[in-house]
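Peer 1: Here it is: the structure, laid out below.
The values are calculated or read from the model by the stated rules, or taken from the named source; none is laboratory data. Owing to the predicted nature of the structure, the values given are computational and were not obtained by experimental measurement. With ideal geometry, Cβ positions are generated from the backbone for all residues, glycine too; neighbour counts draw on all protein chains shown.
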Amino acid sequence: MSSEPAFKRRGLMLAVVSPSGVGKTSLTRRLIADHPDLHLSISATTRDPRPGEHDGREYHFVDRASFQAMIDDDAFLEWAEVYGNFYGSPKKPIFDSLERGESVLFDIDFQGSEIIRDHAPEDVVRVYVLPPSLAEMSRRLHARSQDSEEVIHKRLGRAKDEVAQWSKFDYVILNDDFDKAYAELAHIYHAERSRRSRSLWIEPFIQGLLDEEI
């Protein structure tokens with residue numbers, strides 16, 4: 001038997017969700033750096049780039065007319081309006097990656113993860129990352145100095161609403177210790193990557209074992 005088809009797997013969508021200021025981006029970027037078969041889904045957004053962000057790396061930055069055209073073409077797996085800006089995950093590159101056996105990570109909000117689950121329930125695994133406290137989350141949001149006081153207040157209120165939905169997720173991680181939280185996230189990815197339903201090699205491999213003459 002050829003090893004290439006024998007060990008073929010279908011990729012998965014790993015949707016990691018948390019309120020802003022919880023450390024989700026640090027966790028997910030390390031996971032991607034440590035796993036060459038995992039790629040970040042680059043969303044399109046109508047918001048302006050933040051300092052240090054580049055088009056095509058953090059986001060595809062587009063104007064509202066271009067974003068609406070993509071909606072009209074059914075080009076998004078999910079899209080949503082968040083704090084007055086639009087965000088969406090282009091559909092085709094995601095499913096092409098899964099077919100190649102590569103996995104796609106979504107650094108996404110709760111609403112977006114719900115839509116992905118509804119559209120691709122067999123392919124998505126959802127992980128929610130909790131803050132140690134809302135007070136610590138507030139401290140981190142103020143420390144990074146990226147949002148106005150009004151936006152920070154909205155984010156804290158939204159965080160409470162999201163945390164109340166914890167039971168809808170496949171896994172929940174508490175990020176009170178980065179290394180521990182990262183280890184838990186990596187274990188989840190490894191286990192889900194090896195799930196029987198995604199391991200397309202198993203059935204033909206076992207049939208080969210059963211057909212062996214001994």
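Peer 1: Please verify whether region 191-205 includes one or more residues that are farther than 22 Å from G84 by Cβ, among the β-branched types (V, I, T), outside any helix (DSSP H, G or I) and touching a helix residue (DSSP H, G or I) at 6+ places or on another chain (Cβ under 7 Å).
Peer 2: no
Peer 1: Could you please let me know if D161 is in a helix (DSSP H, G or I), among the acidic types (D, E) and surrounded by fewer than 17 Cβ atoms within 10 Å (Cβ to Cβ)?
Peer 2: yes
Peer 1: Output the number of residues of region 30-41 satisfying the condition of being modelled with pLDDT under 95 and buried (at least 17 other Cβ atoms within 10 Å of the Cβ).
Peer 2: Summing the residues that are modelled with pLDDT under 95 and buried (at least 17 other Cβ atoms within 10 Å of the Cβ) in region 30-41 gives 1.
Residues checked against (1) closer than 16 Å to S20 by Cβ; (2) surrounded by 14 or more Cβ atoms within 10 Å (Cβ to Cβ); (3) modelled with pLDDT of 80 or more:
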| position | (1), (2), (3) |
| --- | --- |
| V129 | yes, yes, yes |
| E149 | yes, no, no |
| N175 | yes, yes, yes |
| D179 | no, no, yes |
| L185 | no, yes, yes |
| R195 | no, no, yes |
| W201 | no, yes, yes |
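Peer 1: Return the residue satisfying two criteria in turn: it lies in region 26-45 and is hydroxyl-bearing (S, T, Y) and within 10 Å of the chain's Cα centre (by Cα), and of such residues it is nearest to P93 (Cα to Cα).
Peer 2: Across region 26-45, the extreme among qualifying residues is S41.
Peer 1: Before we move on, is I71 touching a Gly at 6+ places or on another chain (Cβ under 8 Å) and β-branched (V, I, T)?
Peer 2: Working: touching a Gly at 6+ places or on another chain (Cβ under 8 Å): yes; β-branched (V, I, T): yes.
Yes: the conditions hold for I71.
Peer 1: Another one. Across region 46-59, what is the number of residues that are more than 16 Å from the chain's Cα centre (by Cα) and crowded, with 18+ Cβ neighbours inside 10 Å?
Peer 2: Result for region 46-59: 1.
Residue by residue, here is whether (1) modelled with pLDDT of 90 or more; (2) within 25 Å of R198 (Cα to Cα); (3) acidic (D, E) holds:
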| residue | (1), (2), (3) |
| --- | --- |
| P19 | no, no, no |
| G23 | no, no, no |
| T45 | yes, no, no |
| D55 | yes, no, yes |
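Peer 1: Also, quick follow-up: Out of everything in region 60-92 that is of a type in the set (K, R) and either surrounded by 13 or more Cβ atoms within 10 Å (Cβ to Cβ) or at pLDDT 95 or above (or both), what residue ends up being nearest to G157 (Cα to Cα)?
Peer 2: R64
Peer 1: For residues that are of a type in the set (A, V, I, L, M, F, W, C), farther than 16 Å from L27 by Cβ and at pLDDT 95 or above, tally how many sit in region 105-127. Full working, then the answer.
Peer 2: Taking region 105-127 and keeping what is of a type in the set (A, V, I, L, M, F, W, C), we get 105-106, 108, 110, 115-116, 120, 124-125, 127.
Applying the additional criterion that residues be farther than 16 Å from L27 by Cβ yields 110, 115-116, 120, 124.
Of the ones still in play, those that are also at pLDDT 95 or above are 124.
Number of matching residues: 1.
Peer 1: Return a yes/no flag: does region 109-118 have any residue that is over 22 Å from Y59 (Cα atoms) and not acidic (D, E). Lay out the reasoning, then the answer.
Peer 2: From region 109-118, those over 22 Å from Y59 (Cα atoms) are 118; that's our starting set.
Those left that are additionally not acidic (D, E): none.
No, region 109-118 contains no residue that is over 22 Å from Y59 (Cα atoms) and not acidic (D, E).
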